[in-house]
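Participant: Here you go, one structure.
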Amino acid sequence: MGYKRAIRVNENAVERPVKPWTPTVHALLTHLHDSGLPVPRPLDFGDAVEHVTLVPGEAGADAWAHQLSVESVRSAGRLLRRVHDATVGWVPPTDATWAVPFSPGEVICHGDPQPANFTWRNGVAVGLFDWDMARPASRLSDVAYALEWFAPFEDDPAELRSRGFDKTVNRRTRTAAFLDGYGWEGPLDVVAAVTARQQIAIDEVVYLGGLGHHPQAEWVAAGWPARWSSKLTTTRRVGEKLWL
């Protein structure tokens, strides 16, 4: 099936292509929604498309303006912790299928908790959507992935401007705020964790692309995984400047 992005079908719901892991993700979202978490509520799915509700707020390209303050970053960490905690003890379906290979962990991770996948209102993270990459994993898997974006571990001026940042971005403070919001306890080698998670993300794109899933197949054909490898160098460079 050709790739298509989520399509808004009305003010309350979107339509997305069905994947092999859609039934498992729907079971997870039903559990989270019933637990009071601000995630999409599954409505239905057939052979081709699924329908889920929208979480009110701004997301996607509109998210960047909301995540600029330290308190905004803290709110995202707080919401991710709530989501993780709600998955503890949840038993996936016996025939559960996840998008990517995984190692058992203490929670079910979102898999792609970047600012654009949070829903925002007035600079506060109020929802989390786009759960296709969910999988059992350690809490650190999602935390490290989020820190790449929220710190951010990026120093290209043009890219930073596109996200609404200027030269005064305080990455060390933002990193601490996310971890504080999450309630992280104990030591953490942030740079090592982020670079390791970046490599996993690249490997997952190659894996899904090799199976013919979209948009990953297009990304692989365009050579993006090799280009993304430079992100590991950027993360180490930024981390050295911050003594993280």
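Participant: Only residues that are within 22 Å of Thr53 (Cβ to Cβ), open to solvent by 20 Å² or more (accessible area, probe 1.4 Å) and among the hydrophobic types (A, V, I, L, M, F, W, C): list them for the range 117-142, please. Break it down into steps so the answer makes sense when it comes.
Facilitator: The first filter runs over the range 117-142 and keeps only residues within 22 Å of Thr53 (Cβ to Cβ), leaving 117-122, 124-134.
Still in the running and open to solvent by 20 Å² or more (accessible area, probe 1.4 Å): 121-122, 124, 126, 129-130, 132-133.
Scanning the range 117-142 gives Val124, Val126, Phe129, Met133.
Participant: List the strands (runs of 3 or more DSSP E) inside the range 1-119, counting only whole elements, that have at least 3 residues being in contact with a Ser or Thr (Cβ under 6 Å, 6 or more places away or on another chain).
Facilitator: Working: elements: 7-10, 13-17, 42-45, 49-53, 107-109.
Passing ranges, in order: 107-109.
Participant: What are the residues in the range 161-184 that are of a type in the set (A, V, I, L, M), touching a Gly at 6+ places or on another chain (Cβ under 8 Å) and open to solvent by 10 Å² or more (accessible area, probe 1.4 Å), if any?
Facilitator: Residues of the range 161-184 that are of a type in the set (A, V, I, L, M), as a first pass: 169, 176-177, 179.
Now narrow it down to the ones that are touching a Gly at 6+ places or on another chain (Cβ under 8 Å): 177, 179.
Scanning the range 161-184 gives a single hit, Leu179.
Participant: What helices (runs of 4 or more DSSP H), lying completely within the range 192-244, carry at least 3 residues that are among the hydrophobic types (A, V, I, L, M, F, W, C) and either free of Cβ contacts under 8 Å to residues at least 12 places away in the same chain or in contact with a Leu (Cβ under 6 Å, 6 or more places away or on another chain) (or both)? Talk me through it step by step, then tell me what you get.
Facilitator: On the way: elements: 216-221, 224-228, 230-242.
No helices (runs of 4 or more DSSP H) qualify here.
Participant: Inspect all residues belonging to the range 21-31 and state whether any of them is open to solvent by less than 60 Å² (accessible area, probe 1.4 Å), more than 23 Å from Ile200 (Cα to Cα) and under 16 Å from the mean Cα position of the chain (by Cα).
Facilitator: Looking through the range 21-31, at least one residue is open to solvent by less than 60 Å² (accessible area, probe 1.4 Å), more than 23 Å from Ile200 (Cα to Cα) and under 16 Å from the mean Cα position of the chain (by Cα).
The values are calculated or read from the model by the stated rules, or taken from the named source; none is laboratory data. Keep in mind the model is a prediction, meaning the values are calculated, not measured. As a convention, Cβ positions derive from the backbone with ideal geometry for all residues, glycine included, and neighbour counts pool all protein chains shown. All accessible areas refer to the heavy atoms of the entire protein, side chains included, with ligands and DNA or RNA removed. Shrake-Rupley method; radii C 1.70, N 1.55, O 1.52, S 1.80 Å.
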